Amino acid sequence: MTAGPPDPHAPIEPPPTSWEFPPATAADRDGIVGVGADLAPGTILHAYREGLFPMPVGRGGRLGWWSPEPRGVLPLDGVRVSRSLRRSLRRFEVRVDTAFDDVVRACADPSRSGGWIDAEIIAAYRRLHDLRWVHSVEAWTPEGTLAGGLYGVAIGGFFAGESMFHTRTDASKVALVGLVDRLVGVGVRLFDVQWLTPHLASLGAVAIPRRTYLDRLAQALSVPTRPWWVPAAGG
């Protein structure tokens, strides 16, 4: 039996990184495992597979690799949809990967409190988007205006949400609910939100111990990738 043609929508594996990271369990009290390295696609993917993610240490600081304790995750069967959010779901159309650059630029708006997404981060995740590892999920108005969205990393049965934004009430939440529906449909097991914030907690996110997270990550990475970002036939 011969193998079929490769899936044109599947992610493309980049060259492996030349960097070695300390284990996620070696993080300091702030959750930093190390500082430095680079943002090549292979480096970033290797980090996520090890339970780490990149973020500058302080605004404009050196590149850090993080493994928080505890870790924020969003249970895919525990998303809270309030009555008002349920009404908002009918006001927007959810799309995937139709405005990636616009979503990332909005998330990177320097006027936002706690902004950390700089030009180097934007370029790095754009490269991963081109390789189909990073995706945007967007909420659009009936008039065709981008009203909110998020972007994140998808590896097998794992998704790591990186940042979200909105310009209209509930638009980012609508994008999140739309994303969860898609992830559940393809068997994704772990939705990483990094840190638990009051906003994410209101949507059902919880904090779990680092070791529990790493166990769940290993299980999620063993799941074959099913490209949920590809529109359904006829859709």
Got a sec? Which of T212, T167 is closer than 25 Å to R126 by Cβ and either in contact with a Ser or Thr (Cβ under 8 Å, 6 or more places away or on another chain) or hydroxyl-bearing (S, T, Y) (or both)? T167
Top-ranked residue in the range 187-213 [being in a helix (DSSP H, G or I), of a type outside the set (K, R) and buried (at least 17 other Cβ atoms within 10 Å of the Cβ); ranked as modelled with the lowest pLDDT]: L200
Sort out which residues of the range 93-104 are farther than 19 Å from L183 by Cα, of a type outside the set (V, I, T) and touching a helix residue (DSSP H, G or I) at 6+ places or on another chain (Cβ under 8 Å), and write them in order of number. D101
So, in the range 11-37, how many residues would count as being out of contact with any helix residue (DSSP H, G or I) (no Cβ under 7 Å at 6 or more places or on another chain), under 17 Å from Q194 (Cβ atoms) and polar (S, T, N, Q)? 0
Just to be sure, is V137 surrounded by fewer than 22 Cβ atoms within 10 Å (Cβ to Cβ) and not small (G, A, S)? no
Flag for R210 being of a type outside the set (S, T, Y), closer than 13 Å to V73 by Cβ and touching a strand residue (DSSP E or B) at 6+ places or on another chain (Cβ under 7 Å): yes
Within the range 10-30, considering residues that are out of contact with any Lys or Arg (no Cβ under 9 Å at 6 or more places or on another chain) and buried (at least 17 other Cβ atoms within 10 Å of the Cβ), the one nearest to Y213 (Cα to Cα): F21
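Matching residues to (1) of a type in the set (V, I, T); (2) closer than 30 Å to R226 by Cα; (3) touching a residue at least 24 places away in the same chain (Cβ under 8 Å):
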residue: G31; (1), (2), (3): no, no, yes
residue: V35; (1), (2), (3): yes, no, yes
residue: V79; (1), (2), (3): yes, yes, yes
residue: R90; (1), (2), (3): no, yes, no
residue: F100; (1), (2), (3): no, yes, yes
residue: A106; (1), (2), (3): no, yes, yes
Give R168, R127 a once-over and let me know the one that is part of a helix (DSSP H, G or I) and surrounded by fewer than 18 Cβ atoms within 10 Å (Cβ to Cβ). R127
May I ask you to say which residue of P110, P56 is loosely packed, with under 15 Cβ neighbours inside 10 Å and either free of Cβ contacts under 8 Å to residues at least 24 places away in the same chain or farther than 26 Å from V230 by Cβ (or both)? P110
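A quick yes/no check of all residues on (1) in contact with a Ser or Thr (Cβ under 6 Å, 6 or more places away or on another chain); (2) modelled with pLDDT of 95 or more; (3) over 30 Å from T141 (Cβ atoms):
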{"residue": "W19", "(1), (2), (3)": "yes, yes, yes"}
{"residue": "P23", "(1), (2), (3)": "no, yes, yes"}
{"residue": "D38", "(1), (2), (3)": "no, yes, yes"}
{"residue": "Y48", "(1), (2), (3)": "no, yes, yes"}
{"residue": "S67", "(1), (2), (3)": "no, yes, yes"}
{"residue": "R71", "(1), (2), (3)": "no, yes, yes"}
{"residue": "T98", "(1), (2), (3)": "no, yes, no"}
{"residue": "R105", "(1), (2), (3)": "no, yes, no"}
{"residue": "R126", "(1), (2), (3)": "no, yes, no"}
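The values are calculated or read from the model by the stated rules, or taken from the named source; none is laboratory data. In this text the structure is predicted, and so the values were computed from the model without any measurement. Positions of Cβ are backbone-derived with ideal geometry, glycine not excepted, and every protein chain shown enters the neighbour counts.
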